[in-house]
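First up is the structure itself, then whatever we jot down about it.
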Amino acid sequence: MAKVSVLVAVYNAEKWLKQCLDSLSAQTLGDIQVICVDDDSTDGSLQILNDYAAKDNRFEIIALNENHGQAHARNIALKHATGDYTCFLDADDWVDADTYENLLALTNT
């Protein structure tokens, strides 16, 4: 079980997605689970997600066959989260490399 599950709902985020996923790949906390739910994107988002998952086993990809919106995608991801802590990251955002390590340290003080 991972310490932190990061949930990313993805819909047509091809333009920003690599920066988001790069920031998650670079986390100094290795004990993370990244669950990305593609909400039936019509651009290259799903291929980008699959490429990252092929290189990093911390990434789990769920591809939906119909678009239901961000809340639905997040709820699907929540069902798969196994971390002690769960957080959301939007597909057009990114975090510093030590973000989750620092957040975890705060919970232990």
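Specify the residue that is nearest to residue 18 (Cα to Cα); the eligible residues are those in region 52-77 that are among the acidic types (Asp, Glu) and either under 12 Å from the mean Cα position of the chain (by Cα) or open to solvent by less than 70 Å² (accessible area, probe 1.4 Å) (or both). Steps first, please.
Initially, region 52-77 is screened for residues among the acidic types (Asp, Glu), giving 56, 60, 66.
Checking the rest, the ones that are also either under 12 Å from the mean Cα position of the chain (by Cα) or open to solvent by less than 70 Å² (accessible area, probe 1.4 Å) (or both) come to 56, 60.
Values: 56: 14, 60: 15 Å.
Within region 52-77, the match that is nearest to residue 18 (Cα to Cα) is 56.
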Q.
Tell me yes or no: at least one residue of region 72-92 is assigned to a helix (DSSP H, G or I), over 17 Å from residue 32 (Cβ atoms) and either without any contact (Cβ under 8 Å) to a residue 12 or more places away in the chain or of a type in the set (Ser, Thr, Tyr) (or both).
A. yes
**Q.** Search result, residues across region 1-29 that are basic (Lys, Arg) and part of a helix (DSSP H, G or I)
**A.** 15, 18
Q: Mind listing just one residue for me: the one in region 1-38 that is charged (D, E, K, R) and under 13 Å from the mean Cα position of the chain (by Cα) and, of those, most open to solvent (accessible area, probe 1.4 Å)?
A: 18
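The values are calculated or read from the model by the stated rules, or taken from the named source; none is laboratory data. Owing to the predicted nature of the structure, the values given are computational and were not obtained by experimental measurement. Cβ sites come from the backbone with ideal geometry, for glycine too, and all protein chains shown count toward neighbours. The protein model used for the area step is the full one, side chains on, heavy atoms only, and it has no ligands, DNA or RNA in it. Shrake-Rupley method; radii C 1.70, N 1.55, O 1.52, S 1.80 Å.
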